[in-house]
Amino acid sequence: MRGNDSAIALDLAALRADTPGCESVIHFNNAGCGLLARPVLAAMREHLELESLIGGYEASAARAGQVRDFHAALAELINCRPENIAFAGSATHAYTKALSAIPFERGEVILTTRNDFVSNQIAFLALRKRFGVEVVHAPDHADGTGVDVAAMVELMRTRRPRLVAVTHVPTNSGLVQPIAEIGRHCRELGLLYLVDACQTIGQFEIDVEEIGCDLLSSTCRKYLRGPRGSGFLYVSDRVLRAGYEPLFIDMYGARWTEPGRYEPVDSAARFEEWEFPYATLLGCAAAARYALRVGMAEVERYSPALGADLRDRLAGLPGVRVLDRGPRLSAMVTFTLAGWEPEPFKAAMDLRGVNSALSFREFAQFDFRDKEVEWALRLSPHYYNTGEEVARVTAMVAELAR
Ligand SMILES: Cc1ncc(COP(=O)(O)O)c(C=O)c1O
């Protein structure tokens with residue numbers, strides 16, 4: 001990959017021409033929010049204009065076909081039916097809706113990992129506070145390379161958790177957790193399985209059948225390059241058939257059939273609400289179609305490899321401590337630089353036209369404690385970034401290291 005973008009099948013020049021932000025910044029913050037591509041921007045602009053011209057309700061009716069494509073495009077991306085997809089305002093919105101559908105009882109166990117996303121961990125603790133569930137963390141491998149699946153399976157057998165909850169790609173490092181392997185055990189043991197795929201969608205190919213998950217949540221704004229304020233929940237047929245429904249289902253997710261009765265709808269629309277941000281929805285559909293056109297197999301080859309190149313180069317610099325460990329790593333690179341405090345370091349990167357993000361101990365209580373760090377700078381390139389940008393960013397960090 002080093003400086004040799006021509007070796008890959010992606011048309012980088014075209015992808016960058018489609019991405020206006022590439023002209024003004026080195027955007028290495030795709031794990032925060034990806035840069036919008038032109039077709040995504042156009043879909044949203046056109047819809048807002050239509051709303052202003054003919055009215056909001058009328059505009060969504062006029063665009064009903066494209067609106068439906070939100071579900072179809074995401075379904076194609078993760079290999080399910082459109083009826084298994086529910087729009088959500090964020091990954092957290094999708095995730096907490098899913099949690100709210102599980103009628104937890106006192107003493108029941110949520111089995112999770114030490115690298116699950118901070119807001120998920122807080123949600124589990126809130127469930128513990130309100131319903132008395134027990135939160136159990138499967139141990140990691142001793143070398144810090146992610147969850148020990150054998151130990152997790154032992155906990156599945158002995159504790160019979162009400163829910164197994166795993167984040168595929170945690171926000172706080174380059175780790176990639178073995179979600180399909182865990183899913184096979186959940187299926188064998190008949191355990192409910194919820195996957196947080198927030199950093200996955202648009203970065204890795206995803207097949208919900210292969211993962212064997214019951215529920216999967218994501219944002220659309222990160223590697224998928226959709227607009228802010230969007231996400232989705234995958235709800236399997238198993239879960240729909242079993243009658244799970246979110247607490248606080250509305251008139252879109254259910255029919256009020258008699259004064260004292262309601263019936264949830266058959267599809268994942270059960271997890272949606274009547275009101276949608278239609279321009280956003282259309283932007284997400286355009287982003288999913290764009291990712292499908294670019295080709296997720298190519299993206300999965302390119303983005304983590306570009307991250308690996310950056311990681312290798314940074315690791316060779318004096319004062320840099322790279323924090324990512326694991327047999328398979330994502331495009332997310334986390335590191336510290338000796339002699340620098342987090343905010344000034346990020347500000348120095350900003351000043352040089354490089355977008356990055358900071359992670360703190362508060363986001364990763366287990367991981368950062370194990371690594372004995374209080375913070376890390378995260379750089380997260382994507383498929384429209386280049387080897388040349390990686391070299392420039394490495395040179396900037398080298399300059400700051402001096
Ligand atoms: C792994 C993971 N899960 C969930 C979230 C939350 O996403 P949202 O901000 O869309 O709720 C994030 C955000 O960074 C994340 O990295």
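The values are calculated or read from the model by the stated rules, or taken from the named source; none is laboratory data. Here the structure is a predicted model, which is why all the values come from computation and not from measurement. Glycine gets a Cβ as well: all are built from the backbone with ideal geometry, and neighbour counts include every protein chain shown.
Of everything in segment 137-158, what is surrounded by 15 or more Cβ atoms within 10 Å (Cβ to Cβ) and under 19 Å from residue 190 (Cα atoms)? Give them in sequence order.
138, 149, 152, 153, 155, 156
For segment 89-117, enumerate the residues that are surrounded by fewer than 22 Cβ atoms within 10 Å (Cβ to Cβ) and aromatic (Phe, Trp, Tyr).
Matches in segment 89-117: 104 only.
Output the qualifying pairs, or none if there are none: Cβ atoms under 9 angstrom, residues six or more apart or on different chains, first residue in segment 340-362 and in the same structural domain as residue 372 (by TED's automatic domain parsing), second residue exposed (fewer than 13 other Cβ atoms within 10 Å of the Cβ) and assigned to a helix (DSSP H, G or I).
Listed pairs, sorted by first residue: 352/399; 356/350; 358/343; 361/369.
Find the residue count for segment 118-145, including only residues that are in a loop (DSSP other than H, G, I, E, B), among the hydrophobic types (A, V, I, L, M, F, W, C) and out of contact with any strand residue (DSSP E or B) (no Cβ under 8 Å at 6 or more places or on another chain).
1
When residue 115 is evaluated against the numbered criteria (1) within 15 Å of the ligand (Cβ to nearest atom); (2) in a helix (DSSP H, G or I), which criterion, by number, is the only one it fails?
Going through (1) within 15 Å of the ligand (Cβ to nearest atom); (2) in a helix (DSSP H, G or I) one by one, residue 115 breaks only (2).
Could you figure out which of (1) out of contact with any Leu (no Cβ under 7 Å at 6 or more places or on another chain); (2) within 13 Å of the ligand (Cβ to nearest atom) isn't true of residue 137?
(2)
Residues checked against (1) under 30 Å from residue 353 (Cβ atoms); (2) assigned to a helix (DSSP H, G or I); (3) under 22 Å from the mean Cα position of the chain (by Cα); (4) not hydrophobic (A, V, I, L, M, F, W, C):
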residue	(1), (2), (3), (4)
36	yes, no, yes, no
61	no, yes, no, no
69	no, yes, yes, yes
72	no, yes, yes, no
77	no, yes, yes, no
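Look at segment 54-112 and say how many of its residues are out of contact with any Phe, Trp or Tyr (no Cβ under 6 Å at 6 or more places or on another chain), more than 21 Å from residue 267 (Cα to Cα) and aromatic (Phe, Trp, Tyr).
The total comes to 1.
Test of understanding: among 57, 95, which residue is without any contact (Cβ under 8 Å) to a residue 24 or more places away in the chain, in the same structural domain as residue 199 (by TED's automatic domain parsing) and outside any loop (DSSP other than H, G, I, E, B)?
Step by step, each of 57, 95 is checked, and only 57 is without any contact (Cβ under 8 Å) to a residue 24 or more places away in the chain, in the same structural domain as residue 199 (by TED's automatic domain parsing) and outside any loop (DSSP other than H, G, I, E, B).
Just checking, how many residues over segment 163-193 are outside any loop (DSSP other than H, G, I, E, B) and within 15 Å of residue 114 (Cα to Cα)?
Going through segment 163-193 one residue at a time, the tally reaches 7.
For residues that are of a type in the set (D, E, K, R) and surrounded by 13 or more Cβ atoms within 10 Å (Cβ to Cβ), scanning just segment 341-361, find the one that is nearest to residue 33 (Cα to Cα).
Checked segment 341-361; the qualifying residue nearest to residue 33 (Cα to Cα) is 346.
Residues of segment 201-255 being hydrophobic (A, V, I, L, M, F, W, C) and at positive phi, which ones?
248
Each row is one residue, and each column tells you yes or no for (1) surrounded by 19 or more Cβ atoms within 10 Å (Cβ to Cβ); (2) hydroxyl-bearing (Ser, Thr, Tyr); (3) modelled with pLDDT under 95.
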position	(1), (2), (3)
304	yes, no, no
307	yes, no, no
310	yes, no, no
313	yes, no, no
316	no, no, no
321	no, no, no
324	yes, no, no
334	yes, yes, no
339	no, no, no
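Look through segment 25-72, keep the residues that are surrounded by 15 or more Cβ atoms within 10 Å (Cβ to Cβ) and acidic (Asp, Glu), and return whichever of them is nearest to residue 334 (Cα to Cα).
Of everything passing the filter in segment 25-72, 69 is nearest to residue 334 (Cα to Cα).
Quick test of your reading of the structure: residue 86 fulfils all but one of (1) surrounded by 15 or more Cβ atoms within 10 Å (Cβ to Cβ); (2) over 17 Å from the mean Cα position of the chain (by Cα). Name the failing condition by number.
(2)
Restrict the check to segment 152-161 and report whether at least one residue is free of Cβ contacts under 8 Å to residues at least 24 places away in the same chain and farther than 26 Å from residue 284 by Cβ.
Checked segment 152-161: at least one residue is free of Cβ contacts under 8 Å to residues at least 24 places away in the same chain and farther than 26 Å from residue 284 by Cβ.
Out of (1) part of a helix (DSSP H, G or I); (2) crowded, with 21+ Cβ neighbours inside 10 Å, the odd one out for residue 234 is which?
Unmet for residue 234, out of (1) part of a helix (DSSP H, G or I); (2) crowded, with 21+ Cβ neighbours inside 10 Å: (1).
Condition test on residue 273, is it at pLDDT 95 or above and in a helix (DSSP H, G or I)?
The answer is no for residue 273.
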